[in-house]
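Step one of this worksheet: look at the structure below.
The values are calculated or read from the model by the stated rules, or taken from the named source; none is laboratory data. As the structure is a computational prediction, the values presented were derived from the model and not from experiment. Quick reminder, even Gly has a Cβ in these numbers, built from the backbone with ideal geometry, and neighbours come from all protein chains shown.
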Amino acid sequence: MTTMAPPVPGSRKVVRGEGADKPIATRMPRVRFPAPPLEGRLLRRTQRFFAEVELDDGARIVAHCPNTGSLLGCKEPGSRVWLRDSGNPERKLRFTWQAVRVGRTWVNVDTSLPNRVVAEAVAAGMVPELAGYAGLRREVPYGRGARIDLLLEDARRGSCHVEVKCTTYAEGRVALFPDAVTERGTRHLRELARLARAGRRAVQLFFVARADVEVFRPADAIDPEYGRALRRALAAGVEVLAWTARVEARHLELLAPLPLEIARRGRPRSGSAHTRASARAPDYPAAPWTRPC
């Protein structure tokens, strides 16, 4: 179990007022990478876990794609990409697709990283809504065969279950989740709602893996059931947070909280970008698009 850090010089300040200590972040923890990434351009995503990339020196390689979603809007051929070298020549796919450039923004596509980024930020007291707990554990079994991403524990405050979902998908300045149907994500919301109805604190945190958005919404046109489940979870007492991320070549960190627009919006117009995205089939042979995370 990770012990939550007390205030330390240079990491955060404590403001006293209105009967409580309130942490204010002054330095966000970073997940750092040991070496600069390789740069190249995306040729195509050939299967769910494979991406063909042409490096700047002209070499072509197949990299591991650590993202099971559709990567809607983040897989255009010719896009600039960063690859992380495992340094292991015996690994079947030595390189991992780390990020893609969309317009002027780098977007993290590696879904193995957000839980670690969030855990380190929470442990350091940098997410105000989740500060003040004595300990943190990751991947703790709970509910009906599920595992919670973060379990915050404190003798005085009790526990707080935090589910982390990563999204790369955006339309304009709006971050959206999911980018494909996610039955597993819907089940996780139902588990959180059960906790909330039982009087326990439950939080759904969306890690928005980019910095060019201004608001978060559920992607109702892609997975209407997930949107309904999210609203039911809110009604049951589940708290919802969304944070953008700073994506750099050598590090990844939480950046800023996003306002939420969870209320059901009007039905998308026929032929809208949402509708077209929802109906579009995968561009390579695969099982029907579902997002297991």
Practice task
May I ask you to verify whether Val203 is closer than 16 Å to Val240 by Cβ and in contact with a Cys (Cβ under 7 Å, 6 or more places away or on another chain)?
Solution key: yes
Problem - Complete set of residues in the stretch 235-267 that are outside any loop (DSSP other than H, G, I, E, B), out of contact with any helix residue (DSSP H, G or I) (no Cβ under 9 Å at 6 or more places or on another chain) and not hydroxyl-bearing (Ser, Thr, Tyr) - result: Ala242, Arg246, Val247, His251, Leu255, Ala256, Leu260
Completion exercise
Of the residues in the stretch 133-190, those that are within 16 Å of the chain's Cα centre (by Cα) and at positive phi come to Glu139
Exercise for the section: Give the number of residues within the stretch 100-156 that are hydroxyl-bearing (Ser, Thr, Tyr) and touching a Leu at 6+ places or on another chain (Cβ under 9 Å). Expected result: 2
Exercise for the section: Answer yes or no as to whether Ser278 is crowded, with 17+ Cβ neighbours inside 10 Å, modelled with pLDDT under 95 and either over 14 Å from the mean Cα position of the chain (by Cα) or under 22 Å from Leu151 (Cα atoms) (or both). Expected result: yes
Handout entry: Residue that is surrounded by the fewest Cβ atoms within 10 Å (Cβ to Cβ) [pool: residues in the stretch 69-98 that are among the small types (Gly, Ala, Ser) and under 18 Å from Leu176 (Cα atoms)]
Key = Gly73
Problem - Residues of the stretch 205-234 classified as in a strand (DSSP E or B) and among the β-branched types (Val, Ile, Thr), total - result: 2
Completion exercise
The lone condition Arg30 fails out of (1) among the charged types (D, E, K, R); (2) more than 22 Å from Glu163 (Cα to Cα); (3) at pLDDT below 95 is (2)
Exercise for the section: Please determine, by comparing only the residues of the stretch 120-168 that are within 25 Å of Arg187 (Cα to Cα), among the basic types (Lys, Arg) and in contact with a strand residue (DSSP E or B) (Cβ under 9 Å, 6 or more places away or on another chain), which one is modelled with the lowest pLDDT. Expected result: Arg147
Practice task
Could you identify the single residue in Thr96, Thr105, Thr111 that is under 30 Å from Ala202 (Cα atoms) and touching a strand residue (DSSP E or B) at 6+ places or on another chain (Cβ under 9 Å)?
Solution key: Thr111
